[in-house]
Amino acid sequence: MYLQYLPWLTLVLAIIFFIISFLLIKKQAKKNHALELLLKSVLANNERFKQQFVELHSGSVGMGKKIQQLELLIRKTQENQQNLVAQAPENRLYTRATKMVELGATIEELMNECELPRAEAELLLNLHKK
């Protein structure tokens, strides 16, 4: 008695199976599309970050070279300064006098210790006050 409905039941089950399969495939296709968009976005970000890294790296290399040049310039300047101080012994007296003024020396102390004329001692004191 129920055997007469078996082909129809099989057909209905097959249709339900195909509908469910179709819906699942459609849902999976939407997920795949969303993942493809996400992947494209990630790849674009990755490419942008690579470019930024290259730019930063190039900049840091350039800055490193510039720092080396500046360090060399500072060393040369320090050497030149030392040479100038060593070449002019009279400058030592003025350097010493300047340090004495910074420490609070009087005009008489400058004249006696550094053998400066009164006018130069007064000038150093006045310059230091400014």
Q | Ordering of 110-116, 40-46 by burial proxy (mean other Cβ atoms within 10 Å per residue, highest first) | A | 110-116, 40-46
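Please tell me the relative contact order of the stretch 21-130 in percent, rounded to the nearest whole number, where contacts are Cα pairs under 8 Å and at least six residues apart.
On the way: 25 pairs, mean separation 15.3, N = 110.
Worked out over the stretch 21-130, it gives 14 percent.
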Q: Assign unit charges at the C-beta atoms only (+1 for Lys and Arg, -1 for Asp and Glu), then state the dipole size of the stretch 1-59 relative to its Cα centre in Debye, rounded to the nearest 20.
A: 100 debye
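Might you report the magnitude of the Cβ-based charge dipole of the stretch 88-130 about its Cα centre, with Lys and Arg at +1 and Asp and Glu at -1, to the nearest 20 debye?
Approximately 200 debye in magnitude.
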Q. Near LYS26, which aspartates and glutamates are there with a Cα under 17 Å away, not counting those fewer than 8 places off in the same chain?
A. GLU36
**Q.** Contour minus Cα-Cα distance for LYS40 and ARG118 (0.36 nm per residue)
**A.** 19.8 nm
Q: Could you name the lysines whose alpha carbon sits less than 29 Å from that of LYS27, not counting residues in the same chain fewer than 8 places away?
A: LYS40
Q: Percent of Cα-Cα pairs per 5 Å bin, from 0 to the last occupied bin, for the chain, please list those.
A: 2, 8, 8, 6, 5, 6, 5, 4, 5, 4, 4, 4, 4, 4, 3, 3, 3, 3, 3, 3, 3, 2, 2, 2, 2, 1, 1, 0
Q: Could you size up the charge dipole of the chain around its Cα centre, putting +1 on the beta carbon of Lys and Arg and -1 on that of Asp and Glu, and report it in debye to the nearest 20?
A: 1420 debye
**Q.** Helix axis angle, 118-129 relative to the chain longest principal axis, alpha carbon, degrees
**A.** 20 degrees
Q: Starting from the Cα of LYS66, draw a straight line to each of the lysines and keep only those under 18 Å, dropping any in the same chain fewer than 8 residues away.
A: LYS76
Q: Between the alpha-carbon centers of the stretch 49-76 and the stretch 102-130, tell me the distance in whole angstrom.
A: 46 Å
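Readers should treat all values here as calculations from the given coordinates under stated rules, not as data from a laboratory. From a predicted model like this one, the values you see are computed outputs, not experimental measurements. We place every Cβ from the backbone using ideal geometry, glycine too, and count neighbours over all the protein chains shown.
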